Amino acid sequence: NPAFHHEGTEVRWDPDAGRCLHSKADIPKGHYVATSDTVNSWFMDVTEWKALNKFANDFPSATMYRDLIDMMLAYGYESDNLSKAGWAMSTSSNNTFTNHACHDDEKNVGPALRVYSDENGNEPGFLPPIQRRPEMTGVITMALSDIKAGDEIKMDYRGFRTDMQHHPNFEEFLTNSVCKEKNGFVPVDNKKPSHIEF
């Protein structure tokens, strides 16, 4: 239903956080946010991801492979649904500028988990949306609360890892570096980039 899909977002500049994603219109709770952006993602399955990491470790002087890994870690996330497992990264989507919500009351978008279950909350073995469009269902986001026009769109980055127990350093990074020290994945130059229109 197109009425449940909202495409209007804009990127704004903040001297501390850098690029931030804001809504251009009201988005009701439970509606999907910028779903068309989800097709502008690059997916690397878990076998390819492991092979890339091994290759970069075997040949450390081939630094661009390490740069590729670092870019995936900075802009990407683990994606694991019923049909695809690996890492996904936005390649040309405004969604990539969704910042981390350090507090629960800041979090207004998150994974659209309801696409993984039927109307009774059960997870059947075959779901047409997931099987037909796995590249979308693995990355689609949904409003967790009512979002007003102009509000910054934020999510909990803990969702970027499939099992946080296996990533204690990531939890420490979010708690200390991102939330306390205001240092994220991508260093922020406090000067607004002149080559990007805001």
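The values are calculated or read from the model by the stated rules, or taken from the named source; none is laboratory data. This structure is a prediction, so every number in the text was calculated from the model and none was measured. For neighbour counting, all protein chains shown are included, and Cβ atoms are generated from backbone atoms with ideal geometry for every residue, glycine included. Keep in mind that these areas ignore ligands, DNA and RNA; they rest on the heavy atoms of the full protein, side chains included. Shrake-Rupley method; radii C 1.70, N 1.55, O 1.52, S 1.80 Å.
Taken over the range 1-78, the alpha-carbon convex hull comes to 139 cubic angstrom per residue.
Hey, got the dipole for the range 62-105? About the Cα centre, +1 on K and R Cβ, -1 on D and E Cβ, debye to the nearest 20?
Values: 2 positive and 6 negative charges, 49 e Å.
For this selection, approximately 240 debye.
Can you tell me which of 21-29, 173-181, 153-161 comes out highest on packing, and rank the rest after it, using the mean Cβ neighbours within 10 Å? Don't skip to the end; give the middle numbers.
Working: 21-29: 16.8, 173-181: 13.6, 153-161: 19.1.
Going from most to least packed, we get 153-161, 21-29, 173-181.
Considering only Leu52, Thr91, Cys20, and ranking their Cα positions along the charge dipole of the range 18-105 that arises from unit charges at the beta-carbon of Lys, Arg, Asp and Glu, the one farthest toward the positive end is Thr91.
Which whole-number value in Å² is the accessible area per residue of the range 1-84, probe 1.4 Å? Walk me through the numbers on the way to the answer.
Numbers: 4840 Å² over 84 residues.
Ligands and nucleic acids excluded, the figure is 58 Å² per residue.
Only protein heavy atoms count here; under a 1.4 Å probe, Ser36 has an accessible surface of about 60 Å².
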